[in-house]
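See below for the structure under consideration.
Where a number appears in this text, it was derived from the coordinates with a stated rule and is not lab data. On a predicted model such as this, the values are computed, not experimentally measured, just so you know. Heads up, the Cβs are rebuilt from the backbone with ideal geometry, glycines too, and the neighbour counts pull from every protein chain shown.
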Amino acid sequence: ESLIRHGVDVIFAYPGGASMPLHQALTRYEDKLRTILPRHEQGGAFAAQGYARSTGRPGVCMATSGPGALNLVTAIADARMDSVPLIAITGQVGTSVIGTDAFQETDITGICLPITKKTYLIKNLEMAADVFRNAYEVAINGRPGPVLIDIPRSVQGEYIELDENWEAN
């Protein structure tokens, strides 16, 4: 919902276990947000870059945790070097197992610190609207560039309604 309210109309998203609730949520917005399934996460991130370069608006890509998230890294670094606004969204293991070397857990926020303008880890759903709003602004303001939003699977399973004045909060 936050992406749509910022004018995002296309997302390049490759599914995986830790991002499946996000992909299922996208189906509710098929009439407003086109989901393009790339053949590989890296291809999706570069496609999102191409979208950003051709439209002047941030490109958005999404991948799962672990190796899927790591496959975005080259395109994120390239977006940083070329000042391309990019929002990379990754699924993550549940909050209760972060830091335990859980199956397909990688510290993608830590890995991406030197190649993004900012990284975010949404630890609870109440943070989500603010994080997405801030990420969009960071991606386009000043020198444009990439941001990364990491969302644990446990948070993805929650649901809240955005109120009409969500940007004012």
- Lys/Arg +1, Asp/Glu -1 at C-beta; the chain dipole; positive extreme among Leu125, Ser54, Leu33: Ser54
- Answer with one residue from Pro114, Ser19, Pro85: the one whose Cα lies farthest towards the positive end of the charge dipole of region 1-148, charges on Cβ with Lys, Arg +1 and Asp, Glu -1. Pro85
- Where does region 40-133 land on the Kirkwood hydrodynamic radius, alpha-carbon pairs, in angstrom? 13.7 Å
- In a shell of Cβ-Cβ distance under 15 Å around Val93, excluding Val93 itself, what net charge do Lys and Arg (+1) and Asp and Glu (-1) give? -2
- Query: In whole Å and largest first, what semi-axes does the C-alpha gyration tensor of region 18-83 yield when each eigenvalue is scaled by 5 and square-rooted?
  - Reply: 20, 17, 8
- Item | Positive-end residue, region 36-116 charge dipole about Cα centroid, Cβ charges, pick of Ser65, Gln104, Gln42 | Gln42
- Item | Amide H contacts under 5 Å for Val60, placed H, 5+ residues apart | Phe12, Ile87
- Note on the structure: Using the Kirkwood formula on alpha carbons, the hydrodynamic radius of the chain in angstrom works out to 15.6 Å
- Taking the Cα centre of the chain as the origin, how large is its charge dipole in debye, to the nearest 20, when only Lys and Arg (+1) and Asp and Glu (-1) carry charge on their Cβ atoms? 540 debye
- Item | Mean-position separation - Cα centroids, region 31-55 and region 68-125, in angstrom | 17 Å
- Message: Counting only chymotrypsin sites (Phe, Trp or Tyr not before Pro) that sit in a DSSP loop (anything but H, G, I, E, B) with at most 16 other Cβ atoms within 10 Å, what is the longest stretch of the chain containing none of them?
- Response: 1-102
